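Have a look at the structure below before the remarks.
We did not get these values from a lab; they are worked out from the coordinates using the rules stated. Quick caveat: nothing in here was measured; it's all calculated off a predicted structure. All Cβ positions, even for glycine, are placed from backbone atoms using ideal geometry, and neighbour counts span all protein chains on display.
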Amino acid sequence: MHEQRFFGRRVPVRCARDAAGFLLPAQFTLGDEVFHIQEVLLQWHDSGFASTSSRRTWLERRHRTHYRVRADDGCVYELYVDRTGRRRDWYLVRRTSDAAGEAPATP
C-alpha cells in the first residue's frame, strides 16, 4: 500500500493527443521509473496570482493546467503544466491514493 506523498518537483512528461485532438499527459518519469498514465480523472485550470505578487496585472498571472491521473501502478497522481511564456514545465505535485482505491482529495 502506498501512502499519500508530496513530491513538488519538476518531471519530464510525454504527451499524446486524445480523440478530440487535445494534448494530455501520457507518461511521466520519476527518477529511473516511467509511469504510464492509464486515465485522466480530472483536469482544471489555474490562472490566479502568485501569493507573493505585489502587482496584480494579467502579465503576473499563473497559467497552469492541473491533472489528476491514474498511472499503471494503480496510484493516483496530481501533475500540472506551467505555461509561462513559451515554456511548458511539468511538475509532479503528489500521490493521493493507492491501488486499493482510496478516494483522491478534491481540488
* To do: Report the net charge of residues surrounding PHE6, where surrounding means a beta-carbon distance below 12 angstrom and charges are Lys +1, Arg +1, Asp -1, Glu -1.
  => +2
* Structure fact -> Interchain or sequence-distant (5+) residues whose placed amide H lies within less than 5 Å of the amide H of HIS63 are ARG83
